[in-house]
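Below is one structure. I have some questions about it.
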Amino acid sequence: MLYIDSISKGIVIDHISPGLGFRIFQYLKLEKSDYTVALIINAPSKRKGKKDVIKIEKHTDLDLRIIGIIDPDVTINIIRNEKIVEKIQLSPPQKVEGVIQCKNPRCVTSTEDNVTQTFSLLDKKELSYKCDYCDHIYNWEM
Amino acid sequence: MKHLIDSMDLSIEELEELFTLSKEIMKDEDKYRFSCEKKLMSTLFYEPSTRTRFSFEAAMLRLGGKVIGFSEASTSSASKGESLPDTIRTVGSYVDLIVMRHPKEGAPRYASLTSDVPIINAGDGGHQHPTQTLTDLLTIIEIKGKIENQTIGLCGDLKFGRTVHSLIKSLSKYEGINFILISPPELKIPEYIKKEILLKESIPFIEVETLEEVMGDIDVLYMTRVQKERFFNEADYVRLKDTYILDNKKLISAKKDLAILHPLPRVNEISPEVDSDPRAVYFKQAKYGMYVRMALIIKMLGAI
Ligand SMILES: [Zn+2]
């Protein structure tokens with residue numbers, strides 16, 4: 001088995017559904033980071049059989065709420081001095097601001113310049129969101 | 001109520017207050033002739049809708065108020081590229097109430113975020129048209145004496161018809177409502193309406209493809225237009241359109257106290273021979289629309 005060093009400080013995004021690790025990596029724009037980041041795919045998991053893991057060797061102010069939309073099953077561990085000091089269980093956020101773009105071509109957000117795209121959670125299981133302006137439904141495709 | 005953007009913004013209590021006031025105005029209009037004497041209303045119509053604009057303007061003028069506005073975007077500052085919030089802030093500093101029609105869905109909601117004066121949504125794209133829903137509800141109350149415990153038939157384009165969607169949502173707040181949804185398979189009610197409203201609230205409904213098979217069960221029949229452009233080809237349209245045209249023959253099996261509604265303008269979905277049938281109430285409906293807008297303006301301006 002491939003061995004990845006455990007980190008002494010930083011963030012471990014664990015229990016990512018296989019295949020979604022790269023999506024999360026992209027959404028967090030980790031390819032642009034100037035610190036050590038590891039993306040591990042298809043690691044064995046007791047809970048899920050297989051899982052993806054992302055290790056970030058820094059405490060950042062990354063907007064982790066986004067992860068909850070992509071994969072609500074993940075756990076986030078905050079590591080300090082080689083110990084987990086905080087476990088964050090994510091669930092899809094009730095409100096999402098400025099992340100999703102409304103796909104309705106007739107939506108006011110498609111023509112007005114300074115409007116902030118805001119969406120409200122409609123269905124937790126299906127990860128569907130509703131545009132606060134036009135009610136258009138957005139399904140987060142896996 | 002600060003703004004009226006979505007028909008669901010109104011609780012049953014607020015709806016009842018509006019309908020009670022509408023009835024009072026109809027009974028003694030003279031009493032309300034100066035209710036809005038010192039008030040100014042603006043009609044910002046970014047797309048033309050003469051019918052709706054006249055209804056609002058007539059309502060305000062009958063209350064003694066004054067109106068300014070435009071009736072298409074090309075004559076407004078929007079054509080010079082001004083943002084919606086800027087227009088709303090400017091106009092809001094002149095007037096007491098803004099009535100807004102806009103082709104973009106959600107535009108009135110966006111406008112309300114920066115507006116100090118109340119905004120009434122007079123239609124935003126295919127999205128919402130709450131004062132049409134108020135009109136429909138008042139018509140049902142006036143003609144049938146109540147909203148509760150009735151079978152409501154909705155016929156025609158149930159997929160794209162926004163008035164149908166918000167009417168279903170509002171009616172589902174009342175007790176004992178049954179829906180019969182009559183449409184070609186291509187124009188059935190959207191899944192989200194079924195899921196979010198009908199199934200979620202356990203409201204009985206059936207979906208059928210012809211009017212004849214259900215006519216005798218319906219208390220209120222809401223007709224809508226079946227537009228040619230909704231079909232992929234002319235042949236489908238020609239094949240289907242007659243199925244959804246109401247005429248005297250289809251009314252043979254209907255209840256004696258049926259109420260036939262239509263949001264107007266009508267094209268050919270109700271044959272003119274039906275107009276003289278006492279059950280046809282769509283022209284009265286237009287009049288109720290003005291009265292319910294009078295009540296709404298009074299409420300929103302606190303002019304009582
Ligand atoms: Zn939208």
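Given the pairs B:LYS27/B:LYS66; B:LYS200/B:LYS256; B:LYS23/B:LYS194; B:LYS228/B:LYS250; B:LYS200/B:LYS255; B:LYS169/B:LYS287, which span a C-alpha to C-alpha distance of over 26 angstrom in this model?
Those over the limit are B:LYS200/B:LYS256; B:LYS23/B:LYS194; B:LYS200/B:LYS255.
Translational D (Stokes-Einstein, µm²/s) of region B:228-304 at 10 °C and 1.306 mPa s when Rh comes from the Kirkwood sum over C-alpha pairs?
After rounding, the answer is 105 µm²/s.
Let me ask something else about it. Please give the average number of partner chain Cβ atoms lying within 10 Å of the Cβ of each residue in B:108-116, rounded to a whole number.
On the way: counts 2, 6, 10, 2, 0, 4, 0, 0, 0.
The per-residue average across the peptide is 3.
In nm, to one decimal, how far is the B:LYS287 label point from the A:ILE66 one, both placed 7 Å along Cα→Cβ?
Placing both labels 7 Å beyond Cα along the Cβ direction yields 6.0 nm.
OK, next. Using a 1.4 angstrom probe on heavy atoms only, work out the carbon and sulfur share of the accessible area of the protein assembly as shown in %.
Values: 10620 of 21300 Å².
Carbon and sulfur: 50 percent of the exposed surface of the protein assembly as shown.
Among A:ILE70, A:ILE100, A:GLY49, which residue has its Cα furthest toward the positive end of the charge dipole of region A:41-118, with +1 on Lys/Arg Cβ and -1 on Asp/Glu Cβ?
It is A:GLY49, whose Cα lies furthest towards the positive end.
Express in whole angstrom the spacing between the alpha-carbon centres of region B:60-135 and region B:275-304.
20 Å
For A:ASP123, list long-range residues whose amide hydrogen, built 1.01 Å from N in the peptide plane, is under 5 Å from its own amide hydrogen.
Distant-sequence amide H within range of A:ASP123: A:SER128.
Based on the inverse mean of 1/r over its pairs of different Cα atoms, what is the Kirkwood hydrodynamic radius of region A:68-142, in Å?
On the way: mean 1/r = 0.0719 Å⁻¹.
About 13.9 Å, per the Kirkwood formula over Cα pairs.
Using the scaling law 2.2 N^0.38 Å as the reference, what is the normalised Cα Rg of the protein assembly as shown? All intermediate terms of the calculation are to be shown ahead of the outcome.
Working: Rg = 26.9 Å, N = 446, 2.2 N^0.38 = 22.3 Å.
Cα-based Rg divided by the globular estimate yields 1.20.
Rounded, prolate or oblate: which fits chain B, taking a ≥ b ≥ c as square roots of the Cα gyration tensor eigenvalues, rounded meaning a/c under 1.5, else prolate when a/b beats b/c? Spell out each step's value before the answer.
Details: a/c = 1.85, a/b = 1.48, b/c = 1.25.
In terms of gyration-tensor shape, prolate.
Still on this structure, please answer the following. How crowded by other chains is A:100-107, given as the mean number of beta carbons from other chains within 10 Å of each beta carbon? Can you show the working numbers first?
Values: counts 0, 0, 2, 0, 6, 2, 9, 8.
That works out to 3 on average.
Check cross-link reach from B:LYS146 to the aspartates and glutamates: straight Cα distance under 15 Å, and skip same-chain residues fewer than eight apart.
B:GLU13, B:GLU16, B:GLU17, B:ASP136, B:GLU175, B:ASP219, B:ASP257
Near B:LYS241, which aspartates and glutamates are there with a Cα under 13 Å away, not counting those fewer than 8 places off in the same chain?
Partners found: B:ASP157, B:GLU186, B:GLU209, B:GLU229, B:GLU269.
Assuming R0 = 41 Å, can you tell me the calculated FRET efficiency for the pair A:LYS83 and B:GLU16, based on Cβ-Cβ distance, to the nearest 0.05?
Values: r = 61 Å, r/R0 = 1.48.
The computed FRET efficiency comes out at 0.10.
Taking the Cα centre of the protein assembly as shown as origin, work out the dipole magnitude from +1 charges on Lys and Arg Cβ and -1 charges on Asp and Glu Cβ, in debye rounded to 20.
560 debye
Also, quick follow-up: Over chain A, what per residue volume does the convex hull of the Cα atoms give, in whole Å³?
On the way: hull volume 17.2 nm³, N = 142.
In chain A, the Cα hull volume divided by residue count equals 121 Å³.
For the pair B:ARG266/B:ASP217, report the inter-label distance in nm, with labels modelled 7 Å from Cα in the Cβ direction.
2.5 nm
About the Cα centre of region A:10-88, what is the dipole size in debye to 20, counting +1 per Lys and Arg Cβ and -1 per Asp and Glu Cβ, all else neutral?
Working: 14 positive and 11 negative charges, 60 e Å.
The calculation lands at about 280 debye.
Once you keep just the Cα pairs under 8 angstrom separated by 6 or more residues, what percentage relative contact order results for chain A? Don't skip to the end; give the middle numbers.
Details: 275 pairs, mean separation 29.8, N = 142.
RCO, chain A: 21 percent.
Where a ≥ b ≥ c are the square roots of the eigenvalues of the C-alpha gyration tensor, would you call region B:142-218 rounded, which needs a/c under 1.5, or, failing that, prolate if a/b is larger than b/c, or oblate? Mind dumping the intermediate values first?
Working: a/c = 1.60, a/b = 1.14, b/c = 1.40.
Judged from the Cα gyration tensor, region B:142-218 comes out oblate (a/c at least 1.5, b/c at or above a/b).
Of the beta bridges DSSP finds with both residues in the protein assembly as shown, what % are antiparallel, to the nearest 5? Before the final figure, lay out each step's value.
Numbers: 33 of 67 bridges.
Counting DSSP beta bridges with both partners in the protein assembly as shown, the antiparallel share is about 50 percent.
Given labels modelled 7 Å from the Cα in the Cβ direction, how far is it in nm from B:LYS200 to B:ASP116?
So the two model labels end up 3.6 nm from each other.
Test of understanding: what is the full-extension gain from B:MET8 to B:GLU72, defined as 0.36 nm times their sequence separation minus their Cα-Cα distance?
On the way: separation 64, 0.36 × 64 = 23.04 nm, distance 2.74 nm.
Extending this stretch completely gives an extra 20.3 nm.
Right, another one. Compute, for region B:86-162, the length of the dipole vector about the Cα centre, with Cβ point charges of +1 (Lys, Arg) and -1 (Asp, Glu) only. Units Debye, rounded to 20. Mind dumping the intermediate values first?
Working: 8 positive and 9 negative charges, 34 e Å.
For region B:86-162, the charge dipole is close to 160 debye.
Probe radius 1.4 Å, ligands and nucleic acids left out: can you give me the accessible area buried at the A-B interface, summed over both chains, in Å² to the nearest hundred?
Numbers: alone 8880 and 13670 Å², together 21300 Å².
Chain pair A/B: roughly 1200 Å² of buried accessible area.
The values are calculated or read from the model by the stated rules, or taken from the named source; none is laboratory data. Note that the coordinates shown come from a computational prediction; the quantities given were computed from them, not determined experimentally. Counting neighbours? That spans all protein chains shown, and the Cβs are built from the backbone with ideal geometry, glycine included. Please note that ligands, DNA and RNA were not included when accessible areas were found on the heavy atoms of the full protein model with its side chains. Shrake-Rupley method; radii C 1.70, N 1.55, O 1.52, S 1.80 Å.
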